[in-house]
Structure formats: C-alpha cells, structure tokens
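A.B. asks: Structure incoming, see below.
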Amino acid sequence: MNKNMLVTCFKICLFILVMILGIGHVFSRAQSEPAQSIRDNEKISIVVIYDNYQINPDLTPGWGFSCVLKTPQNEILFDTGGNSSILLANLRKMALSANEIDLVIISHIHGDHLGGLNGFLKKNNKVRVYIPGSFPNSVSEEIKSCGADYSKVNGSMQICEKVYTTGEMGISIKEQSLILDTDQGLVIITGCAHPGIVEIIKQSQQILPNRKIYLVMGGFHLSGASDSKLTSIIREFRNNGVQKVAPSHCSGDRCRELFKNEYQTDFIESGVGKIFNFQEPNR
C-alpha cells in the first residue's frame, strides 16, 4: 500500500471515529434530558379533569366540573366535580398528582362542583381551600375536620401570582369564578356561571382593566336557553372583545353549536381531558 493510500485510509478512519463520538454524545445527552411532559410545554396550563363532555376517551366523564391550573408558582384545583373517585382517577390518568395540588378553589355550593372535595382532602389535606363567604359553617367545619385550611372569599382578590377570583357574585346562588392572567390575555374560568356569564366577563374587566380577554371557558349555564337569548349573549361576547370560547359542562349543546357557528376556528371543543397551554405574562 503506497503512502497516498495510507493517508486516505487514515482520514476515513478518523472521520468514522469523529462521527461515532458525535452520535454517542447526542444520544447520551438525549438520555440524560427528561422527556418534556404536557405540563412543561408552556409555563401555564389548564387541564380539564372533570366534565360531562369528553375529549380524552381514556378518562371518565361525569356531570360536574373540575380543572387543574398549573403556573410556575402554584398548582391549583378549581372545583372537584361530583365524585372524588372519578376526580382522583382522572388526575392519575393525566399524570397529575393530587399531592402536588397546593390550592383548592370552589366556585359554588352545588354538589357537582363541591362533591369531590372531601375525598380529595382525604388524599391531600396540605392545601388551603378558598370557598365563597356565603357557604354554611358545615362546609368549613368539614374542611377543618379533614386537616386542611380554608379561607372565605367575599370580594374580588388575588389568590396567588397571576390568578384572581371575581369574588362572590350573584343573588340566589352565590358563585366565584377565576381569572388567569396570561401573555395572550385574560382567561376566565367559570364553574356554572349562575350569576350570568356576561356579568362575570364584565366583573373580570373591572378587576384587571386594560387587559384583553383571550378565552372564556367552563360552564356557561345556558342549557335550555332560547336562540334569541344565546344570540344576544354571543353578541355581548363580541362587544366585550372575547377572542376565544370553550363552553362545556352546563352550557348545553345548542349553546355550543351557536358559539361554534359564530367563533369558527376560535371555538375550542372542551371537556374532560382537554389541555390548554399559555405563556406566562411578560409585563
């Protein structure tokens, strides 16, 4: 073998060695970096854990509502559905741990939003539960008996960073809703919207003025409403600058149909298993 052939063979071997080392480095780095979970894709996420509408066929639907809000600072359970067994099973199936929840917020007194609380607290009582101020003492006593802390909410307030409550609203059925401040705008989450979905939107605008409303989601309490009423409410959504909608739970099929006709691609099918991702506000 002449000198030129030896040099060529040496260069080929060196190239192959470099390639092997490079691939090995990439592979070892991929092995050392954990796979990104659905909750790490964005800095803020909402996962619907309990709803009578179904998105994920692996989860159990049920009449009621519950969702988990995950921010960089907190993991929050909003409402608990009507059955703690379904709630906890759906949490597990979505790779969410009940023990990682540090705040629980209950929208109103009805069993399809409050019914899963006791069973949840038996699993994790290291939480603070925010309940409307009008709740009877029996609810707060039950929370205390489970070993958890509670706070009664009357007016609007900031629960934690980026998360606000509208405060107790309504007359016959008192209810609080949540407002999440994201980079895209405000996300309003309702349990059943008994005080009126438009009134909740307007209250949210008063609490955080000069912020656009990106999304309104949850129960709109419009099942059985007439087309004229639904059309009027949809017009109010547009007038108030609501960009996207995701009605579920007690909203009703006709409500969802008309909102979808109006909002088209800005209508989001929601139900148990739905995941929403948002960016953290950068202001």
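A.B. asks: Taking a threshold of 18 Å on the Cα-Cα distance, which of the pairs 174/244; 93/274; 43/152; 43/162; 202/244; 152/174 fall above it?
C.D. replies: Going by Cα-Cα distance, 174/244; 43/152 fall outside the 18 Å limit.
A.B. asks: Using alpha carbon coordinates only, what is the Rg to Rh ratio of segment 54-113, with Rh defined as the Kirkwood radius?
C.D. replies: 0.95
A.B. asks: If I model a spin label as a point 7 Å beyond the Cα along the Cα-Cβ vector, how far apart are those points for residue 58 and residue 228 in nm?
C.D. replies: Spacing of the two 7 Å Cα→Cβ label points: 4.8 nm.
A.B. asks: Let me know the Kirkwood hydrodynamic radius for segment 44-278, please, with Cα pairs as the basis and the value in Å to one decimal.
C.D. replies: 17.4 Å
A.B. asks: Could I ask something else about it? For a quick check: with amide H placed at 1.01 Å from N, whose amide H comes under 5 Å from residue 52's, ignoring anything fewer than 5 positions away on the same chain?
C.D. replies: Correct list: 62, 64, 249.
A.B. asks: A follow-up question, please. Residue 138 versus residue 211, label points 7 Å from Cα toward the beta carbon: distance in nm?
C.D. replies: 3.6 nm
A.B. asks: For a footprinting-style exposure proxy, rank 221, 108, 249 by other Cβ within 10 Å, fewest first.
C.D. replies: Ranked by crowding around the Cβ, least crowded first: 221, 108, 249.
A.B. asks: Please rank 226, 172, fewest neighbouring Cβ atoms within 10 Å first, as an exposure proxy.
C.D. replies: With the fewest neighbours first, 226, 172 line up as 172, 226.
A.B. asks: Let me ask something else about it. Can you give me the distance in nm between label points at residue 154 and residue 99, each placed 7 Å from the Cα along the Cα-to-Cβ direction?
C.D. replies: 3.9 nm
A.B. asks: Separate question: Treat the count of other C-beta atoms within 10 Å as a stand-in for reagent exposure and order 48, 198 from fewest to most.
C.D. replies: Placing the least packed residue first, the sequence is 198, 48.
Computed from the coordinates by the stated procedures, all read-outs in this text should not be read as laboratory data. Bear in mind the structure is a predicted one, so any value in this text is a computation, not a measurement. Virtual Cβ from ideal backbone geometry, glycine too; neighbours counted across all protein chains shown.
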